[in-house]
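> Have a look at the structure that comes next, please.
We did not get these values from a lab; they are worked out from the coordinates using the rules stated. Values in this document were obtained by computation on a predicted structure and should not be read as measured data. Positions of Cβ are generated from backbone atoms using ideal geometry, with glycine treated the same way; all protein chains shown enter the neighbour counts.
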């Protein structure tokens, strides 16, 4: 039996990067996969990969800065599949490296709107559905930047610390309702988000890794499967660090 047989898995930002890798991994484990992403995202390619893995995939347009759109996306998922079992709140944006004094208020708000408030609103509607149906699992995508500071990334660090706070609070509030909430904290992973990083910055990222390489998206996806499945049935309110030992 596969680890997510007959589970309905809802993944924000599922069209690329870590979300796409997680969608394909869930498909291999028997899930029905909902890819929730922006209308202009490359979602068809992601759906094709899900189908090639032998699973049913479905796309729902989603802008995580629009609460009404989030509510509609969750409701549409439940209407189509009858339930929601696992949610991966992965949608997020990066930012350039700017000092505190160089970071604009507009940029700071934008990062928090997508990476923190978007996660909160997604969790709100996912949790409401889980309470209604008697249980479910949430996995939030935080970052190593949710556990430590990172010069030049004030908004991103603030958002990812906040995601861990939401994770821990929801885990405590809903633990007796058959709901588990955990988070992933990866180091720099070789995804499209890093494609525009200057070569010297990539070299610094690699140099800081004890394994002397960036992580792979499939390595994070495997960690997602662990937290999403019954393999982690007594794991709640914590974070799984995927960093090759950076903070050891």
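> Going by Cα centres, the stretch 5-71 and the stretch 90-161 are how many Å apart?
19 Å
> Also: May I ask you to list the residues of the stretch 97-111 whose amide nitrogen lies under 18 Å from a point 7 Å from Cα along the Cα→beta-carbon direction of residue 193?
Residues 97-98, 107-111 qualify, since their backbone N sits under 18 Å from the label point.
> Stokes-Einstein D for the stretch 8-241 at 37 °C, 0.692 mPa s, Kirkwood Rh over Cα pairs, in µm²/s?
Rounded, D is 185 µm²/s.
> Follow-up question, since we're still on this one. Once you have the Cα-Cα distance between residue 219 and residue 231, take 0.36 nm times their residue separation minus that, and quote the gain in nm to one decimal.
On the way: separation 12, 0.36 × 12 = 4.32 nm, distance 1.66 nm.
So the extension gain works out to 2.7 nm.
> Could you check the simple spin-label distance between residue 2 and residue 76, using points 7 Å along Cα→Cβ, in nm with one decimal?
In this crude spin-label approximation the distance works out to 2.4 nm.
> So for the pair residue 124, residue 200, with labels modelled 7 Å out along Cα→Cβ, what separation do we get in nm?
Spacing of the two 7 Å Cα→Cβ label points: 4.4 nm.
> If the chain between residue 248 and residue 109 were fully stretched, how many nm would it gain, using 0.36 nm times the residue separation less the Cα-Cα distance?
Extending this stretch completely gives an extra 46.9 nm.
> Then there is this: Stretched out fully, how many nm does the piece from residue 42 to residue 100 gain, at 0.36 nm a residue minus the Cα gap? Numbers along the way, then the final one.
Working: separation 58, 0.36 × 58 = 20.88 nm, distance 3.36 nm.
Value of the extension gain: 17.5 nm.
> OK, next. Could you work out how far helix 67-81 tilts from the main Cα principal axis of the chain, as a 0 to 90 degree angle to the nearest 10?
40 degrees
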